[in-house]
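Following: one structure in structure tokens, then a few remarks.
Derivation of every value follows stated rules applied to the coordinates shown; laboratory data play no part. This structure is a prediction, so every number in the text was calculated from the model and none was measured. All Cβ positions, even for glycine, are placed from backbone atoms using ideal geometry, and neighbour counts span all protein chains on display.
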Amino acid sequence: MCGIVGYLGNKSAKDVVIKGLKRLEYRGYDSAGISTLQNNKLEITKTQGKVSDLIAEISTGTHTGGLGIGHTRWATHGIPDNKNAHPHSDNSGKFTLVHNGIIENYQSLKQLLSDNGITCKTDTDTEVLVQFMGYLHQKEKLDFIDTVRLALNQVVGAYGIVVLCEDYPDMLIAARLGSPLLLGIGKDEFFVASDSSPIIEYTRNIIFLDEGELAVITQDQYEVRNLSGNEIVTKEIEEIEYNLDEIEKGGYDHFMLKEINEQAYTISEALRGRVNSEESTVTLGGIYDWIQQILDAKHIYITACGTSWHASLIGSYILEELLNIPVKAEYASEFRYRETAVNSDSVVICVSQSGETADTLAAIRKAREQGALTLGIVNVVGSSIARETHCGVYIHAGPEIGVASTKAFTGQVTIFNLIGILLAQKKGCNLEKIKPIIDDLDALPGLVQSVLDQGNEVFPIAEDFMDVENFLYLGRGYQFPVALEGALKLKEISYIHAEGYPAAEMKHGPIALIDDDMPVVFVVTARGYNKIVSNIQEVRARGGKIIIITSEENAELQEYSDHIIQVPDVSHCLQAVLTTIPLQMLAYHMAVLKGCDVDMPRNLAKSVTVE
Ligand code: UD1
Ligand code: M6R
């Protein structure tokens, strides 16, 4: 979703900002822009399209100096065109601003501006905010800082903003409410960005702005204040852990392919220092102090969006199976607005790769308000969800750049197993139930690697079916969420319509779709084997094409399938990690064969920071 970069220092702000915007491209966007300030003069260039289009628009000799801001926009209010691209400025031309989020009361602010003779030039909520700043500045005779502060105190909605003012040639103001922003603290230079990827090349020292905080940055210092009381806040400088090569493609054609192939490593990272197979124990430092409270809970809710919700569904099966208490997985967008029974007897687990998904963040806030203990399973260290949960477990999968989530999913399923084992043990569960899972966890990175090594076996399937318009994915038990995930992967990057269903549900509707052209992917494991073989027969009888992903070695599956991919057999609650990988590969190859933009599919954003 929208990305922000700001720079103040001795380098060329244009170069830093443009490079930063390129690093933010993975978030998904439809237009880009830059504003720089030199000799008390603001310059703005913006355009619909990619950062490369923006570079082409920048005339030689412009945008000099060391102070600038930039933005990649993902349209919410107003179509993606040049006019609606950020940065936006007020009519006096004194202020320019980039903004992530949504100003919810923009209509009433726009009316107020209009009543005072100020007409907006664009369709955006963002322009209303910068015009409002210009209006307050002139009316109240305020300085730059007070202008921004006063304006933000009247805003309802979500924002991460960075603002420049023509009268302050060495000052950058950033503020956050609901949209992440971080400061990079370099030597005699400062950075602001919506995530750390534009900053890491220059400094590892980061400050995360918290909700309702405003940072004032000048040549030689920064100061953070809270917006409500205007008091100075002392911020801790934290160190970013990952390296630059982790956010580059490293020889792969696409980030998605790189990330699929990293999964043996990322799972070993998720397990590192957490599993002792000799003693059959699991250690999770991030929930250690909360274990008793979790065990005392009467119900567990798990909430997430998209792929993270699929992992949550698997997580709910794992926890219910190992702990024998009710566990419910629910879309965060539903959970946040529904009348739930959440209270102080509840644990609410939030699952998110980015840790910034707006609905998931809102769900966790609601759960906290209702007295629940909140636990995060998050990939991005220091992200909003990780910071707002009482406790949690990081996935440690490293930066995931491809919009289609892959390594985060398998990491999330792995973490659910760790949490399940740990809690089951503390609850006094029989070691016989747990030991096989721990042994399989130990072997998991190697097993994942063996599935990755046979990745090319999927290619002929993609070749056979690249021209179809519909796909069906069916599975039972733990493999039902895998079917959902396989279908989501395919539709989001290849634009082929795909549905995932519990295999038995087929008879209640989807079977009507089966004809000679319909490919059906069955995910077949030991549990429910005979039942799903019957479902395969039902599709065969109607001429459907059968693709089987299975952990079972059985001649009848060979006979019944047009294509079959075999993966190793592991404990039921871990099997999804292995059966999902061929489905990720299938979606990838189909999308590449169809010439789709794999890493940045149309209309999608990596981090969905609006609801
Ligand atoms: C932590 C360190 C790890 C170190 C290990 C040694 C971090 C990020 N991790 O790992 O580098 O090797 O100790 O003991 O510094 N948290 C949440 N919500 C979330 C995710 C995490 O509150 O959604 C909190 C946890 O409660 C914990 C902290 O973040 O306090 C770090 O979590 P995690 O990395 O999972 O903990 P450890 O595995 O102990
Ligand atoms: O960052 P999150 O895990 O919270 O993101 C949730 C979804 O937006 C995300 O999984 C989305 O569905 C992906 N495009 C799936 O590949």
If you rank V275, V468 by fewest surrounding Cβ atoms within 10 Å, what's the result? V468, V275
When you count, for each residue, the other Cβ atoms within 10 Å and take the mean per peptide, how do 449-457, 266-274 rank with the highest first? 266-274, 449-457
I need to check one value: relative contact order of the range 250-453, counting alpha carbon pairs closer than 8 Å and at least 6 residues apart, in percent. 29 percent
So what is the 222 nm mean residue ellipticity for the chain from helices alone, if each DSSP H run of at least 4 adds -39500 (n - 2.57) and you divide by all residues, rounding to the nearest 500 deg cm²/dmol? -11000 deg cm²/dmol
Sorted largest first, the Cα spans of the chain on the principal axes come out in Å as 79, 53, 44
For R176, R149, what's the fewest-to-most ordering of other Cβ within 10 Å of each Cβ? R149, R176
Cα pairs beyond 19 Å in the range 351-462, in percent, come to 58 percent
In whole Å, largest first, what are the principal axis extents of the Cα atoms in the range 193-279? 51, 41, 21
How do the peptides 312-325, 485-498 rank, highest first, by the average count of neighbouring beta carbon atoms within 10 Å per residue? 485-498, 312-325
Hydrodynamic radius by Kirkwood, which averages 1/r over all alpha carbon pairs of the range 227-345, in angstrom: 18.6 Å
The chain - percent relative contact order, Cα under 8 Å, separation 6 or more: 12 percent
Reach of K489 by Cα under 19 Å, taken over lysines that are not fewer than 8 positions away in the same chain: K258, K407, K594, K606
Peptides 439-447, 346-354, 582-590, 6-14 ordered by average Cβ neighbours within 10 Å, highest first: 346-354, 582-590, 6-14, 439-447
Per Stokes-Einstein, at 10 °C and 1.306 mPa s, what whole-number D in µm² s⁻¹ belongs to the range 455-593, with the Kirkwood radius over Cα pairs as the hydrodynamic radius? 110 µm²/s
Footprinting proxy, H137, H99, H77, H254: sorted fewest to most Cβ within 10 Å, the residues are H77, H254, H137, H99
